[in-house]
Amino acid sequence: MLDKKFVRTNLHPALMLSFLIAGVTGILLLLHLDVRGIKHLHEWMSTIFLLLCVVHLFLNWKIFQIQFQKGPVLATVLGIGLLSILLLFNAGGQGKHGYGGRSGAGHSRHFNTYR
């Protein structure tokens, strides 16, 4: 098993780098800048970032418990959670094949008024 000191020393730089890569690739995806392999990189770095966050949470659980008892921190967590839920359910129903899961002519969200 890894030494806690080794993990703590290397965890913060790994968290920072995986966060930056996942964040930058996420912005590129949001802006629809289709760079080769960017989606694949984003998915893996986001997964690595999440795993590192779980390790960080485990190693610092007592500190997190103290922080979550404070009002402003709890309000922030609830606010971000609510925003995430609203964005998830307000995604417009856009799936793999466009809006409503259908593709092809006549299934666009925007109607052509010059038919």
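The values are calculated or read from the model by the stated rules, or taken from the named source; none is laboratory data. Quick caveat: nothing in here was measured; it's all calculated off a predicted structure. Cβ sites come from the backbone with ideal geometry, for glycine too, and all protein chains shown count toward neighbours.
Brief remarks follow.
- Residues of the range 66-76 that are among the polar types (S, T, N, Q), assigned to a helix (DSSP H, G or I) and at pLDDT below 85: Q67 alone.
- Applying a threshold of 6 Å to beta carbon distances and a minimum spacing of six or more residues, or different chains, the list of pairs starting in the range 11-27 at a residue that is farther than 14 Å from H42 by Cβ and ending at one that is assigned to a helix (DSSP H, G or I) and aliphatic (A, V, I, L, M) reads A14/L52; L15/L52.
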